[in-house]
Amino acid sequence: MKLKAIENRIQSTYRPIVEKIANHIDLIDHDIILKPDTRRLPSFIIRFALRTMLVVLFAGLGFFIFRTGPESSVTVLAKSTDIVAFEAVSSTDLLVQTAINQATSMSASGGQVATLSLVPTSAVGDELSTLNYYLNMIEQFLANQSSLNVTLSESELPEYDYKIVYQSTDLSGKPITYALYYNETSVTDSTTFVFNEEDSDNATVWLQGQITIQGTLYLLEGKKIVDGTEEIYSLYSYLDTADYVYVRYETDQADGVKKFFYTVVQNGQTLNKSKIQVDTESNALVTNLEFVEGNAKGKYRVTRGDNGNSQHMDVAYEIQGPTLNENGQIRIDIVTDDVTGDTRYAYTVSPEDGEGDHQYEADRHDSFDEHEDDHEDEHEEDHDGTHPDDHEDEPEDDEAPDVEH
Amino acid sequence: MPKRFDDLIARLADHDNETFEIIHTETKKMVFAIIYPLVGDINLTEDLMQDTYIKMLRSLESFDRRRPFGPWLAQIAKNIAYDHLRHAKREQQAVEAAWHIQMPKPDTYIDIDRLIRSLDKDKQAVVLMRIVGEMSFKDIASTLDRPLGTIYSLYKNALKELRHIIGKEDNS
């Protein structure tokens, strides 16, 4: 039997069913659809009521936006691959920095941040060693505007089916390319996760993969977890089960906004927990970082300085502690060593009620462009997803060979 | 997948019944094809389809009109079905397939529904979304959040599996 004949049989089986049960749906009984014979109000009354409602709506909306920032992460992270790419790159970047810090025996508040000020340090100065990790990570994303440049393709590595490439530039204009490889499978009763979460039982899709940064391979385990109507994307980037960064993209119960929740674990100890909200504002990416536990605290709103034309970041911060509250601005410039060509971050911290600016310097890791010589395939958005020997009775569908992710 | 409904959405937001009928007619096969393979029960599918459209109408204000309507509705349908399954699981109510509506029985009748449901869930979903829901492979991939190559493979393998089973039943 031809496959077309099977398709026809399926069609003829189900379509009468759809017609029959669809006719039973009566939304009028649910007071949603206006009944055809409803006596409508005069249109000018409706228009007046609508205008009034709109005024109230926009007044409320304006308050909401002021309070929370525009909810545009839907645009920035339009696809699940965007979310996975963001999680993989950001968590691995934090993992790399944590591992480097450990390898060089730097203490959490030690040699990474140098105070240059003569004036007393600010409260935020105590947070910079950890904040610096995050700013290094966030810089990888700030050059993006309304969406991330993420492409999904078939993997050239035989052990993996898929490859996601994230491309951008850092604030110096240097290209950044990350490639992560993975397999994805449906979760079954026999699935054994490397890391178990409280709601692992609700995972529907399991992702296993790898990402290589600076020659070091980091392993990835991701899950898509269905919780009611919400789909949660969790991902571990790990060296081993005691050294990892765990991130979940889910709704923050505090304000109902989708955020990335990070947990940085080293030697089995949680170093810090944070949450990051990604937005766009004036066609530029904005990240809101908040530390919630561990060796750092405060809220930080990070933007690319000067409308994206400058090599600096602007941070508005707010720290509330048991004995000290501090708000202010930080400007982070990228400075280059004339001799070595290495770059560092120069922090200028301006507390709102402070006595003056405070200067710091901190490490800036070089951006990673793992595939500088291998870009020719990464813009390839369309490819044939079929198997070469599997075109028998191919469905007549123009879209089938045009695999676009 | 249903076409874009840009010009209709504004009217739908005013709860215009005729507009809803148009959209409902255009999308009901897709909504059925998403829900039925997940819940495996026609009566339940009917209820959840209704829930889907109710939720769609109540959520319309939050719909970003720059985006296509079909995938948004598909997502609602999928979430409604998953939500139901979670509640059913929580209450330990096994969702048992029931086939209460009389099936059309042509001369060469083979219980296609039974065969479809003998496929694994992913294949059921892809086959029904494609053939009954008339969705493109790309939209199916988006709805199921799977790579397009996977969807295409699932579809082809499902049809081949069905062909194999039907061939055996025809000969018996």
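The values are calculated or read from the model by the stated rules, or taken from the named source; none is laboratory data. Just so we're clear, the structure is a prediction, and the values are computed from it rather than from any experiment. Every residue, glycine among them, receives a Cβ derived from its backbone with ideal geometry; neighbour counts consider all protein chains shown.
Quick look at the numbers
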{"read-out": "Residue A:52 being loosely packed, with under 14 Cβ neighbours inside 10 Å, among the polar types (S, T, N, Q), part of a helix (DSSP H, G or I) and modelled with pLDDT under 65", "value": "yes"}
{"read-out": "Any strands (runs of 3 or more DSSP E) falling wholly within segment A:152-250 and containing at least 2 residues that are among the charged types (D, E, K, R) and at pLDDT 90 or above", "value": "A:216-227"}
{"read-out": "Looking only at segment B:129-155, and only at residues there that are at the interface with another protein chain (Cβ under 7 Å from one of its Cβ atoms), farther than 19 Å from residue A:184 by Cα and outside any loop (DSSP other than H, G, I, E, B), the one that is farthest from the chain's Cα centre (by Cα)", "value": "B:131"}
